[in-house]
Amino acid sequence: MALNIKRPNGMEDVVPKNVHKWHTVEKIARDTAESFGFGEIRIPTFESTDLFLRSVGETTDVVQKEMYTVMAKESKFTLRPEGTAGSIRAMLQNGLLNEALPQRVYYILSCFRHERPQAGRLREFHQFGLEMAGSSSPAADAEVISLADTLLKRLGLKNIELYINSIGCPSCRAKYHEALHSYFENRKDELCDTCLDRLEKNPMRILDCKSPVCQEIGKDAPLILDYLCEECSNHFESLKKYLTRLGIEYKVNPRIVRGLDYYTKTVFEFVTTEIGAQGTVCGGGRYDGLIEQLGGQSVPALGFAMGIERLLLVMDKQGCDYLAPKKCDIYFATMGENALEKAMELSKSLRGFGYFAEYDMMGRGLKAQMKYANKIGAMFTVVLGDNELSDGKVRLKEMEKGTETVIALDDKFASSFEEIYFNKIMDVMEEETGNDNLLSFMGGNK
Ligand code: HAM
């Protein structure tokens, strides 16, 4: 079909037959976050542009090249490129930081970045993320990393490596910036124009430049770990000790600097090599100065975000289990107007019990209706015509095995169905004993 309006580049649709994959990630993410004491926060899709300039940072790629900004009347707004800034703004504006600390929020939201689209890199993408405010202890870093690790494992993912680093506090960073400045100053002529500007304003950003030339030059640059002050160094050592205690494997990667300016001390990424160049499925870290920078008290904080599309790419690749998509429990194949009306009435009562019931609305013949019931994978079918109506009973057919049970067409129809339905579910569970993955049952139709 020649559609003359198409979806913009770098955006995706999720159609009903795939949405169970999203529901799987969202459900497991919510359950995991809530089991660690996080509550959901919902924030606006766009915020004042200033919020991102002040938090994400003026010399980052996100701010310099990737934001979708609009002028509306006299004000400048930006579609959120990430969830941290908006969540912290909302925590401040709603007084959450005056309540018992730590305050813990999680979110599932869309983000917008004008990047060059490729596998795993979109212009509209979705994050599951969370923020914890109030604790400066490395135990909080371990807790947040442990949550991410637990979630990735609960999703069934394998071969994801955790890389950690510390990018220090403003005091050790100042010395590091000097060292970086003199290193890059010597190779100034080779840097891209954006990085020439960064050299004066924020040389650490050069390490995160996407230009292959700048990346190559950055390979021999001084490492932040050699410049950490005692406090930052002790913090990092304690984090490593806690991770080991929790049995979480990690590698120190002194080259991780992250693409956003607010980070201090711990930064981390969970990375896979299985989906190409965009293999970072989760990124996060501590940002002890951000809340104060945005006008709040001096409250330390940290968090992470995972790209849901990237998680799904890896889950598909690794054949992970998803919650079963909802399927039709009972389909009424009807003949004639009276049968159609009865099917409507019965479906209404079954739906009241939580079942997925369906009947023909296309005016199909009986054979075509049964073909359709098969196609949608209906668990049970009932043929309903004038004979059944005058007999006051129908045959309920279990489609997989072909067994039939007669049920009365009376006001106990839904509860009679329920009994047969549960026997069927018990049979299936019994047949599958030994399969320790209960996901398919968790997502069953009832
Ligand atoms: P980020 O590293 O910019 O961090 O993004 C987090 C995750 O979002 C990435 O690891 C990746 O999985 C996904 N992601 C980023 N950009 C794209 C894209 N263009 N297409 C698809 N997926 C993408 C943040 O956003 C921070 N706010 C994380 C954080 C929370 N730090 C502390 N708290």
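Before moving on, here are some points about what is shown:
- So residue 78, is it under 17 Å from residue 124 (Cα atoms), of a type in the set (S, T, N, Q), within 11 Å of the ligand (Cβ to nearest atom) and under 23 Å from the mean Cα position of the chain (by Cα): no
- Among residues of region 122-139 that are of a type in the set (Phe, Trp, Tyr), those with a beta-carbon under 9 Å from a residue that is part of a helix (DSSP H, G or I) and within 11 Å of the ligand (Cβ to nearest atom) at least six positions away or on a different chain give the pairs 125/308; 125/309; 125/310; 128/308; 128/311.
- Here residue 184 clears all of (1) surrounded by fewer than 20 Cβ atoms within 10 Å (Cβ to Cβ); (2) touching a residue at least 12 places away in the same chain (Cβ under 8 Å); (3) not hydroxyl-bearing (Ser, Thr, Tyr) except the condition numbered (1).
- Restricted to region 116-129, and to residues there that are in contact with a Leu (Cβ under 9 Å, 6 or more places away or on another chain) and either in a loop (DSSP other than H, G, I, E, B) or among the small types (Gly, Ala, Ser) (or both), the residue that is farthest from the ligand (Cβ to nearest atom) is 119.
- Selected residue (criterion: farthest from residue 364 (Cα to Cα)) from residues of region 336-354 that are within 40 Å of the chain's Cα centre (by Cα) and surrounded by 14 or more Cβ atoms within 10 Å (Cβ to Cβ): 353
- Test result for residue 95, closer than 20 Å to residue 135 by Cβ and either touching a strand residue (DSSP E or B) at 6+ places or on another chain (Cβ under 7 Å) or outside the structural domain of residue 156 (by TED's automatic domain parsing) (or both): no
- The residues in region 46-75 that are among the aliphatic types (A, V, I, L, M), within 13 Å of the ligand (Cβ to nearest atom) and farther than 22 Å from residue 298 by Cα can be counted, and the count is 3.
- Residue within region 325-340 that is assigned by TED's automatic domain parsing to the domain that holds residue 88, away from the ligand (no atom under 16 Å from the Cβ), at pLDDT 95 or above and on the phi > 0 side of the Ramachandran plot present: no
The values are calculated or read from the model by the stated rules, or taken from the named source; none is laboratory data. What you are looking at is a predicted structure, and each value in this text was computed from that prediction instead of being measured. Counting neighbours? That spans all protein chains shown, and the Cβs are built from the backbone with ideal geometry, glycine included.
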